[in-house]
Amino acid sequence: MSAPELLYGQRPANTFGTKAAPLTKDTAGEVVLKRAQVHYSLFELPMANVLPRLPTALHPSVPAAMGLTVWKCPEGPLGSFSVAWVGVACRTGIKPRHLIHGAWCDREDVSLWLRARYGVDCTLAAISSLETWDRAWSKIEVAGVPILELVTENPQPLVPGSTVKYSPVLNAARVEDAVTLVQMESAFDFHRVLRGVPRLPVYAAEAMGDAGLSPHYPISGTWAEVDITLLPPRFKLDPEIPAEQGGASRL
């Protein structure tokens with residue numbers, strides 16, 4: 001029997017992270033966001049569109065997929081804010097991740113904090129998110145123009161104790177003058193989870209960060225009420241060297 005073929009990204013490292021910001025030394029420790037609402041959906045993509053967008057250190061997910069995430073955070077040390085991001089599903093070794101290509105936040109000070117701590121480069125936007133009896137709904141507007149409307153229809157409550165797997169996100173950042181991928185560390189304590197069918201009435205691909213990437217087939221949609229703990233970043237990944245070949249290391 002022949003060995004399984006491993007797929008790797010095809011994007012050259014010298015084209016990656018041209019806008020990467022330097023990480024600052026983190027002193028905040030854990031940041032807890034109580035009773036956040038997380039709207040998360042996965043959509044399948046053509047593999048041929050994904051491989052040229054991943055650096056050679058990362059494997060694509062199979063099937064290739066895009067993840068859309070919206071956090072509505074009503075309280076915590078950072079105050080009330082909403083943040084959203086879109087990214088391509090991938091793996092470092094066997095571990096699932098999402099490589100972000102677009103992010104938004106409704107408060108500039110929180111955007112600066114996320115950029116300095118994790119490398120998340122957010123655009124200032126109006127972000128709306130709510131749950132009704134028959135759907136979960138989120139919307140992003142930039143300068144008054146809708147760029148995303150995400151709907152999860154007919155959401156069904158899952159049994160108490162259910163969870164959702166949120167893959168950690170990867171962002172390009174500068175560490176000691178080198179462009180690297182930094183992992184955003186989060187832990188989740190779930191109170192309530194709903195699952196339904198996602199739909200995208202509005203998806204402006206160029207404004208979402210990549211004009212050549214548009215979601216194709218819905219995979220799953222969830223809405224959850226959850227306590228989020230933001231942890232200091234711990235790992236970095238060389239964009240050229242896969243984790244299984246020694247490319248992952250501690251910050």
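Here, each number is a calculation from the coordinates, and none is a lab measurement. Since this is a predicted model, take the numbers as computed values, not measurements.
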> Residue by residue through segment 7-12, which ³J(HN,Hα) values in whole Hz follow from phi under the Karplus form 6.51 cos²θ - 1.76 cosθ + 1.60 (θ = phi - 60°), with glycine and proline marked x?
Replying inline: 9, 10, x, 10, 7, x
>> Restricting things to Cα coordinates, could you compute the convex hull volume per residue of the chain in Å³?
In response: 136 Å³
> What is the Cα coordinate range of segment 138-182 on the first, second and third principal axes, sorted by size from largest, in whole angstrom?
Replying inline: 48, 37, 10
>> Using helices alone, I'd like the mean residue ellipticity at 222 nm for the chain: each DSSP H run of four-plus residues gives -39500 (n - 2.57), total over residue count, nearest 500.
In response: -1500 deg cm²/dmol
>> Springs between alpha-carbon pairs under 10 angstrom, Gaussian network model over the chain: which of MET66, MET208, MET47 fluctuates most?
In response: MET47
> Pairs LYS72/LYS236; LYS25/LYS236; LYS19/LYS236: which are spaced more than 23 Å apart, C-alpha to C-alpha?
Replying inline: LYS72/LYS236
>> At 1.567 mPa s and 4 °C, plugging the Kirkwood radius over alpha-carbon pairs of segment 1-134 into Stokes-Einstein gives what diffusion coefficient in µm²/s?
In response: 78 µm²/s
>> Suppose we keep just the alpha-carbon trace of segment 105-239; what are its Rg and Dmax in angstrom?
In response: 16.6, 50
> HN-Hα J couplings of segment 67-84 from phi, Karplus 6.51/-1.76/1.60, θ = phi - 60°, integer Hz, Gly and Pro as x?
Replying inline: x, 10, 10, 10, 10, 10, 10, x, 7, x, x, 8, x, 7, 7, 10, 9, 8
